[in-house]
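Values quoted throughout were computed directly from the atomic coordinates according to the rules given, and no laboratory measurement underlies them. Model, not experiment: these values are computed from the prediction. FYI the Cβ positions are ideal-geometry reconstructions off the backbone, even for glycines, and counts take in every protein chain you see.
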Amino acid sequence: MEASALTKIAPPLILGLMMLGMGMSMVKDDFKHVMQEPKAIAVGMLGQLIVLPAVAFLLCYLSNARPEICVGVMIVAACPGGPGSNLVVHLCKGDTALSVSLTALSSLVTGLTIPIVTQIATTYFIGEASQLEPDILVEMGIKVCILTLPPVFLGMWIRTKNHHFANKAEKPVKVSAVIFLVALVAGIAFKERTNLLTLLQEAGILGCMLCVTTMMLGYSLARGFRLNQSQSISVMIEVGIQNAALAFLITTTMLDNTAMAIPAAVYSPVMLTTSGLLIAWFNRRSNGASRLIHSR
């Protein structure tokens, strides 16, 4: 398959598989957290929808990265929390129910916010001539909703009807999505091979700074609003881990610009590395606290 064809076909498939897998890991009771902990939900959404794009814009503004990279970073920041964030929160001893609720809610509302952020980013970093027409923005929002929400609801329906099958199918579905994601990244790298090193350098610096900075700010925001430790961990991770597959979809199929997809390609390993360090850190702290209690 040619690289150009791969970048058109793979993103919707990857996103659909990821959202289906996320849906198969969810139950209706997960949404009760929205009513039980409105303050934590509000803080998490504030970090996800306002703080994250604002930090991304500031980092891009201060950088010397080319316009396409800046737009790509902004699109990554506009995407909802990634499906893998719930597992990372669980392994970091965070509030998993809060994490699931934030992932679901951010997936619901980003159909409205992604076109706005995309318009701001393209207009500011590329120029007014690149402004997207209103009908294109509306179409983008509709496509985002169509490609993210139905697979989640389908996954939840499958789990309701047969939770044993859902438990068995969840892992293969997610693994398949990762395999396609790796193939997509390879296709984008091949298509942008002439400028790849420069693009990776620019996107890598911004991606690392965005991930680390927003996680620190997310945690600080949560603690500032007096959320407990487990809730603060959830907010931190939800703000820092984004749905890179959706960013691929927007940049490669809706905007038809693989250079803008480079930040999403870079952000994926950055998220994985940061997540691994967080898991190791929080588990080490937890084990240290347990040993201290037992020693007493």
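About its Cα centre, the stretch 86-163 has a charge dipole of approximately 540 debye under the convention of +1 per Lys or Arg Cβ and -1 per Asp or Glu Cβ, with nothing else charged. The distance between label points at residue 228 and residue 90 comes to 2.0 nm (points 7 Å beyond Cα on the Cα→Cβ vector). Net length available on complete extension from residue 183 to residue 198 is 3.3 nm, with 0.36 nm assigned per residue and the Cα-Cα distance removed. Annotation for the stretch 96-169: trypsin sites (Lys or Arg not before Pro) lying in DSSP loop with at most 14 further Cβ atoms inside 10 Å of their Cβ do not exist. Rounded if a/c is under 1.5, else prolate if a/b is larger than b/c, else oblate: which is the stretch 134-229, with a ≥ b ≥ c the root eigenvalues of its Cα gyration tensor? It is oblate, given that a/c is not under 1.5 and a/b is not larger than b/c.
Maximal additional length on extending the residue 220-residue 36 stretch stands at 64.0 nm, based on 0.36 nm per residue less the C-alpha distance.
Other residues whose C-beta falls under 13 angstrom from the C-beta of residue 115 contribute a net charge of -2, scoring Lys and Arg +1 and Asp and Glu -1. If you line up the long axis of helix 134-161 against the longest principal axis of the chain, both from Cα atoms, how many degrees apart are they, to the nearest 10? Here the helix axis deviates by roughly 40 degrees.
Relative to the longest principal axis of the Cα atoms of the chain, the long axis of helix 52-62 makes an angle of roughly 50 degrees.
Extending 7 Å from the Cα toward the beta-carbon at both residue 162 and residue 139 defines two label points whose distance is 3.8 nm.
A dipole drawn for the stretch 61-184 from +1 and -1 charges on Cβ atoms has a positive end, and of 63, 164, 184 the residue lying farthest that way is 164. With Cα atoms as the point set, the chain shows a radius of gyration and Dmax of 18.8, 68 Å. When each of the peptides 273-284, 84-95, 254-265 is scored by how many other beta carbons lie within 10 Å of its residues on average, the order from highest to lowest is 254-265, 84-95, 273-284. Only the Cβ atoms of Lys and Arg (+1) and of Asp and Glu (-1) were treated as charged; on that basis the dipole of the chain about its Cα centre amounts to roughly 1340 debye. With a Förster radius of 35 Å, plug the Cβ-Cβ distance of residue 108 and residue 281 into 1/(1 + (r/R0)^6) and report the FRET value to the nearest 0.05. Efficiency for this residue pair is about 0.65.
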